[in-house]
1. Taking a 26 Å limit on the Cα-Cα distance, which of the listed pairs Lys9/Lys145; Lys48/Lys145; Lys48/Lys198 fall beyond it?
2. What percent of all Cα-Cα pairs in the stretch 117-205 falls into each 10 Å bin, going from 0 up to the bin containing the maximum distance?
3. The chain: longest stretch without exposed chymotrypsin sites (Phe, Trp or Tyr not before Pro) (DSSP loop, at most 16 other Cβ within 10 Å), sites themselves excluded?
4. Provide the per-residue ³J(HN,Hα) series for the stretch 25-34, in order, calculated from phi with Karplus coefficients 6.51, -1.76, 1.60 and θ = phi - 60°, each as a whole number of Hz, with x at glycine and proline positions.
5. Rank the residues Thr103, Thr15, Thr51 as a footprinting-exposure proxy: fewest other Cβ atoms within 10 Å of their Cβ go first.
6. Using the Karplus curve 6.51 cos²θ - 1.76 cosθ + 1.60 with θ = phi - 60°, work out ³J(HN,Hα) for each residue of the stretch 55-71 in order, rounded to whole Hz, and write x for Gly and Pro.
7. With Cα Rg over 2.2 N^0.38 Å as the read-out, I listed (1) 1.38; (2) 0.99; (3) 1.10; which label goes with the value calculated from this structure?
8. Would you please classify the overall shape of the stretch 48-160 from the alpha carbon gyration tensor, given that a ≥ b ≥ c denote the square roots of the eigenvalues, rounded means a/c under 1.5, and beyond that prolate means a/b larger than b/c while oblate covers the rest?
Amino acid sequence: MEAGASTGKLLSFATREELGGVEFLGGVPGTVGGGMIMNAGTYLGEFKDVTISVDAVDDAGVLRHRENAECGFAYRHSTIPPSDVVVSARLRLPSRPRAEIETAVRDLRDRRRAREPHGVPNAGSIFKNPPNDFAGRLIEQCGLKGRRVGGAEVSPAHANWIVNAGGDAKARDVLELVEIVRAAVVERFGVRLELEVKVVGEDGP
């Protein structure tokens with residue numbers, strides 16, 4: 001599978017061919033390459049569960065082939081160097097009736113639709129879930145739903161989402177809100193939340 005293919009295209013192809021294993025991509029945006037770098041997934045599974053190998057070009061222009069075990073897949077993480085450009089991946093997808101695939105994807109999308117904010121710009125989940133817990137639960141328990149900095153807001157619908165509620169949120173608004181959330185969760189629970197999103201640019205870490 002070429003790395004530039006969208007996750008939606010991969011899921012559509014697998015569904016059409018009655019191949020299971022990537023139902024977890026229902027409603028997950030991005031590309032196959034990006035999904036490999038961050039081991040994208042949902043409660044239904046992750047890329048690590050179906051990946052045989054990954055090919056990437058390193059910063060010297062050399063094609064690097066890595067088997068699954070060499071990719072260092074973990075929760076929302078891989079050890080594929082950030083300087084590498086993923087170009088393709090081989091996946092192992094088991095046969096599964098199309099009706100079963102469509103039911104699993106529909107259930108996943110319904111669950112996401114019921115739990116996630118809609119109608120406001122956002123970058124998806126902000127923090128990784130800590131071991132044996134949920135970032136959204138910790139943030140909500142700190143009473144931070146609806147907390148705002150400029151146009152950025154901790155979503156009232158799901159506390160692990162920061163949305164552009166005012167339509168004019170700046171990157172610095174989001175980053176300031178991230179630190180407010182982190183500090184509150186550390187103070188109450190002793191847990192330091194890790195970002196799931198990547199921050200780049202002048203305001204990056």
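All of the numbers you see were taken from the coordinates with simple rules; none came from a lab. Since the structure is predicted, the reported quantities are computational estimates derived from the model, not experimental observations. When we count neighbours, we look across all protein chains shown, and the Cβ atoms used for this are built from the backbone with ideal geometry, even at glycine.
1. Result: Lys9/Lys145; Lys48/Lys145 exceed 26 Å.
2. With a bin width of 10 Å, the distribution comes to 18, 56, 24, 2.
3. Counting at most 16 other Cβ atoms within 10 Å as exposed, the longest clean stretch of the chain is 135-205.
4. 7, x, x, 9, x, x, 10, 4, x, x
5. Values: Thr103 12, Thr15 18, Thr51 24.
Neighbour counts put them in this order, fewest first: Thr103, Thr15, Thr51.
6. After applying 6.51 cos²θ - 1.76 cosθ + 1.60, I find 10, 9, 9, 7, 6, 9, x, 8, 6, 10, 9, 10, 6, 3, 5, 8, 8 Hz.
7. Given (1) 1.38; (2) 0.99; (3) 1.10, the calculated one carries the label (3).
8. Values: a/c = 2.43, a/b = 1.49, b/c = 1.63.
Since a/c reaches 1.5 but b/c is at least a/b, the shape of the stretch 48-160 is classed as oblate.
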